[in-house]
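Structure, as structure tokens:
The values are calculated or read from the model by the stated rules, or taken from the named source; none is laboratory data. Computed from a predicted model, the values in this text were never measured in an experiment. So basically every Cβ, Gly included, is an ideal-geometry build from the backbone, and we count neighbours across all protein chains shown.
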Amino acid sequence: MNNKSLSLWFNSPGKVEIKEEVLIKEDGKILFNSSLMGISAGTEMLFFDGKINLGIDADSSIDALSTRIQYPMKYGYINAGFLENGKKAFAFYPHSTKFYINSKDLLILPEDIDFNDAIFIPNMETALNIVQDSEIIFGETVCVFGLGVVGLLICEILKLNGVKKIIAIDPSSFKREKSKNFGCQSLYFENNEKLISEIYKLTENRGVDIAINVSGSSLALQNAINILAFSGTLIEGSWYGNKNVCLNLGTNFHRKRLKIKSSQVSTINPDLTGRWDKKRRFNLVFELLREIKPSKYITHTFKLIDGQKCFDFIKYNKDLIIQVALQP
């Protein structure tokens, strides 16, 4: 058996390297052979752009990422492939052609879930978590800032959940057109005052009930605050890395009794833990993969060996990409 693997490393800001590693079998672990990997254009680009907080835990909820962030570092968490016993599986593990992993850290995939859809598991779970955190009431209006993978999946889940009016905001006309395919009112103006004015027109001068920001933009975060109706709620799902965020929390925030809630997928809303756990949420994620078929959002595919070319492409073509996939 070939006991060598190729892995993607972030060596320094703007630089990735594909390294050959020798695999060593560990007791209790099973061999995973990657068939398709996905890149998180949000989190992983923070690593690539050098906008990450060095010295903090990468993700203590995932064994393979329970190390402190530093360069050089293996990172990534989207791998779909086959186990040595032939079963289809998903692993939260850095980009590698093969690796050994504990069975408890795997998701065994239903046979009818294609790998092209399976690489959306983390983003689908994130989108579902954000929708659950929003506690949307039937008849309310939602505005979503940022139409990357997570933003588009949020819009689709909201539609499936019976939300009639979704306003979708993104500077990319390519991404706005995607949201129109399932009934969103999509718009964007470089002039913020015009954007806010248009949203108030669409809501009978009331503002939106729920605003969701997954753009990673502090300007979008400010706009989300400014368009909320009285007692509205803002769900912030972005990770800003080491970028500072400066907000105006004057009249628009203070007098309207607004709420800002952070949403992070590694945990479940405490208000739901009496009924929901990770297993139940993943079962719903599988159902959503079947219903939404998110593989339609794969816009580009690269070979793992072309990792530098891939990340350079994402950096300079953000308006044209949604999900980028890596093949072993």
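Do we find that S186 is more than 19 Å from the chain's Cα centre (by Cα), assigned to a strand (DSSP E or B) and over 21 Å from K261 (Cβ atoms) in this structure? Answer is yes for this residue.
Mind listing just one residue for me: the one in segment 122-159 that is among the β-branched types (V, I, T) and in contact with a Lys or Arg (Cβ under 8 Å, 6 or more places away or on another chain) and, of those, nearest to G216 (Cα to Cα)? Steps first, answer last, please.
Restricting attention to segment 122-159, the residues satisfying the condition of being among the β-branched types (V, I, T) are 126, 130-131, 136-137, 141-142, 144, 149-150, 154, 157.
From the residues that got through so far, the ones that are in contact with a Lys or Arg (Cβ under 8 Å, 6 or more places away or on another chain) too are 141-142.
Numbers: T141: 22, V142: 18 Å.
Here the answer is V142.
Can you tell me which residue among I130, I101 is of a type in the set (V, I, T) and under 20 Å from the mean Cα position of the chain (by Cα)? Working first, answer last.
Working: I101 fails: under 20 Å from the mean Cα position of the chain (by Cα).
Just one listed residue meets the conditions, I130.
Please tell me if L107 is within 21 Å of S262 (Cα to Cα), of a type in the set (A, V, I, L, M), at pLDDT 95 or above and touching a helix residue (DSSP H, G or I) at 6+ places or on another chain (Cβ under 7 Å). Here the answer is no, as L107 does not meet what is asked. Has segment 216-234 got any residue that is under 16 Å from the mean Cα position of the chain (by Cα), touching a residue at least 12 places away in the same chain (Cβ under 8 Å) and within 19 Å of I154 (Cβ to Cβ)? Yes, that holds for at least one residue.
Among the residues of segment 272-286, those identified as farther than 18 Å from K104 by Cα and free of Cβ contacts under 8 Å to residues at least 12 places away in the same chain are T273, G274, R275.
Taking the stated definitions as given, is E190 surrounded by 18 or more Cβ atoms within 10 Å (Cβ to Cβ), out of contact with any Gly (no Cβ under 6 Å at 6 or more places or on another chain), assigned by TED's automatic domain parsing to the domain that holds E156 and not polar (S, T, N, Q)? Even if it seems obvious, please write down each step before you answer.
Values: surrounded by 18 or more Cβ atoms within 10 Å (Cβ to Cβ): no; out of contact with any Gly (no Cβ under 6 Å at 6 or more places or on another chain): yes; assigned by TED's automatic domain parsing to the domain that holds E156: yes; not polar (S, T, N, Q): yes.
It is false that E190 is surrounded by 18 or more Cβ atoms within 10 Å (Cβ to Cβ), out of contact with any Gly (no Cβ under 6 Å at 6 or more places or on another chain), assigned by TED's automatic domain parsing to the domain that holds E156 and not polar (S, T, N, Q).
Scanning segment 122-162 for residues that are of a type in the set (V, I, T) and in a helix (DSSP H, G or I), we see that the one that is surrounded by the fewest Cβ atoms within 10 Å (Cβ to Cβ) is I157.
Which of the residues spanning segment 61-100 are touching a Lys or Arg at 6+ places or on another chain (Cβ under 8 Å) and crowded, with 21+ Cβ neighbours inside 10 Å?
Step one: of segment 61-100, the residues touching a Lys or Arg at 6+ places or on another chain (Cβ under 8 Å) are 80-82, 94-96, 100.
If the condition is that a residue be touching a Lys or Arg at 6+ places or on another chain (Cβ under 8 Å) and crowded, with 21+ Cβ neighbours inside 10 Å, then A80, G81, P94, H95, S96 are the ones that fit.
Could we say that E204 is more than 21 Å from the chain's Cα centre (by Cα) and not in a helix (DSSP H, G or I) here? Yes; evaluated as a whole, the condition is true for this residue. Keeping to segment 240-258, report how many residues are surrounded by 12 or more Cβ atoms within 10 Å (Cβ to Cβ) and either of a type in the set (D, E, K, R) or outside the structural domain of S197 (by TED's automatic domain parsing) (or both). Matching residues across segment 240-258 total 2.
For segment 1-65, give me every one of the strands (runs of 3 or more DSSP E) that falls completely inside it and has 3 or more residues that are among the acidic types (D, E) and modelled with pLDDT of 90 or more. Explain how you work it out, then say what you get.
Details: elements: 4-12, 15-22, 29-39.
Passing ranges, in order: 15-22.
Considering only segment 128-171, how many residues are polar (S, T, N, Q) and closer than 22 Å to K201 by Cβ? First the steps, then the outcome.
The initial filter retains those residues of segment 128-171 that are polar (S, T, N, Q), namely 129, 132, 134, 141, 161.
So of that shortlist, the ones also closer than 22 Å to K201 by Cβ come out as 141.
Number satisfying all stated conditions: 1.
For segment 243-328, list the strands (runs of 3 or more DSSP E) that sit wholly inside it and hold at least 2 residues that are at pLDDT 95 or above and closer than 30 Å to F82 by Cβ; which are they?
Working: elements: 259-262, 298-303, 323-327.
Qualifying strands (runs of 3 or more DSSP E): 298-303, 323-327.
Before we move on, is F115 within 18 Å of the chain's Cα centre (by Cα), free of Cβ contacts under 8 Å to residues at least 40 places away in the same chain and under 21 Å from S40 (Cβ atoms)? When the stated conditions are applied, F115 does not pass them.
Residues to consider are S238, S231, S197; find the one that is in a loop (DSSP other than H, G, I, E, B) and at pLDDT 90 or above.
Details: S231 fails: in a loop (DSSP other than H, G, I, E, B); S197 fails: in a loop (DSSP other than H, G, I, E, B).
Sole residue among the options that is in a loop (DSSP other than H, G, I, E, B) and at pLDDT 90 or above: S238.
Of all the residues that make up segment 80-112, how many are within 19 Å of S7 (Cβ to Cβ), touching a residue at least 40 places away in the same chain (Cβ under 8 Å) and outside any strand (DSSP E or B)? Step through it out loud before you land on a result.
Of all residues in segment 80-112, those within 19 Å of S7 (Cβ to Cβ) come to 80-84, 89-102, 105-106.
Remaining after also requiring touching a residue at least 40 places away in the same chain (Cβ under 8 Å): 80-84, 89, 91, 93-102, 105-106.
Still in the list and also outside any strand (DSSP E or B): 84, 93-95, 97, 105.
So the answer is 6.
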